[in-house]
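Reading through the structure tokens given below for one structure.
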């Protein structure tokens, strides 16, 4: 494979499991270099990693160099992936705050490779607000994580903080290494989340969309090298790394933002669940409760997807979503025809694991020729990759 993985080992009781990780990666054909923190050497001997990796182990920033190169820079440039296992609260905090005071953190600061972090620590430490803020900060900056497991820890406590199984860490490392920058040069416009339509300064009409599907698509597209614009309604999600995010509130605002970027985009994936109607009148003051019933008159919002379909040219791919509770395939097929879509992602909201706010989805993808592909329950990340692959293949054919 000729891929280079730099493995950073820090000082936790789970350091012995890093040896299993290195062994498994080596068996997969990767070239491995190991950097150990000073504390890590209290738990496991560098000779173990030297034997497993068949490369000398870096243990001290001021050791005599084995090559003529500036070591932390040469290793940083060499890396196709930088894996930290186990990652203590200490090293996570250092990386998050730009501290480079040993060979491990210095090399991480110097690398442009993807960094994959596998935390392991006491449950109370892992759940500490500062540690969680550092983790979220790093995720927002594009660092990847292998989540720790729940179980009995070395200290006797039971909870989350146990290092993920070596086979899971290796699987994630291989996924990261296999990620292809196959969308370099492509411009992708994604919509996500709900929209809100005000009734008065306090109340509004909206829906249950979390935006998770659209954000997963935007994040995956950026990781594949695309230039991505994400037009998002109100959500609690963080902006994916490498994505230009445009915040909107109402359907009209999303309509204007999408039309403004439509000509720019090669591929448009409209996963937002917009409000189809808005109140005819928005009160400037809070509407007070009375004894009688209250009626709100609604008017149609612009149909964003239909307008895009009218403007669509042959060199542009347009993807829609259909979230239904009945007649799924019939409604989805009509939407393809009426809105001039290349394909549609249809999901039945009545199925467990397919509705709003879920981290998974169960879908059928239907193309403009009526061909249907059904997919079992999968993560939204995996579905995002399928959608992007189909859109890319169609764009190349066009």
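Quick look at the values:
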| read-out | value |
| --- | --- |
| Distance between modelled label sites at residue 313 and residue 99, nm, 7 Å Cα→Cβ extension | 5.4 nm |
| Paramagnetic label zone (point 7 Å from Cα along Cα-to-C-beta, residue 277; backbone N under 13 Å) in the range 187-210 | 205-206 |
| Estimated inter-spin distance, residue 326 and residue 352, nm [label 7 Å along Cα→Cβ] | 2.4 nm |
| Extension reserve of the residue 42-residue 208 stretch, reckoned as 0.36 nm per residue once the Cα distance is removed | 54.7 nm |
| Computed label-point distance, nm, for sites residue 290 and residue 337 using a 7 Å Cα→Cβ extension | 4.6 nm |
| Backbone N under 19 Å from the residue 178 label point (7 Å along Cα→Cβ), restricted to the range 126-170 | 144-147, 165-170 |
| Whole-angstrom gap from the range 77-153 to the range 218-275, using each part's C-alpha centre | 29 Å |
| Among beta bridges that DSSP assigns inside the range 126-267, antiparallel share in %, nearest 5 | 35 percent |
| Per-selection Kirkwood Rh - the chain (Cα, Å, 1 d.p.) | 23.6 Å |
| The range 277-377: relative contact order in percent, alpha carbon pairs under 8 Å with at least 6 residues between | 19 percent |
| Most mobile of 289, 380, 260 in a GNM of the chain (Cα contacts under 10 Å) | 289 |
| At R0 = 41 Å, FRET efficiency that the Cβ-Cβ distance of residue 127 and residue 187 yields, to 0.05 | 0.50 |
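Taken together, the values in this text are just the output of simple stated rules run on the coordinates, not laboratory data. Computed from a prediction, not measured in an experiment: that's the story for all the values here. Using ideal geometry, Cβ is built from the backbone for each residue, glycine included, and neighbour counts are taken over all protein chains shown.
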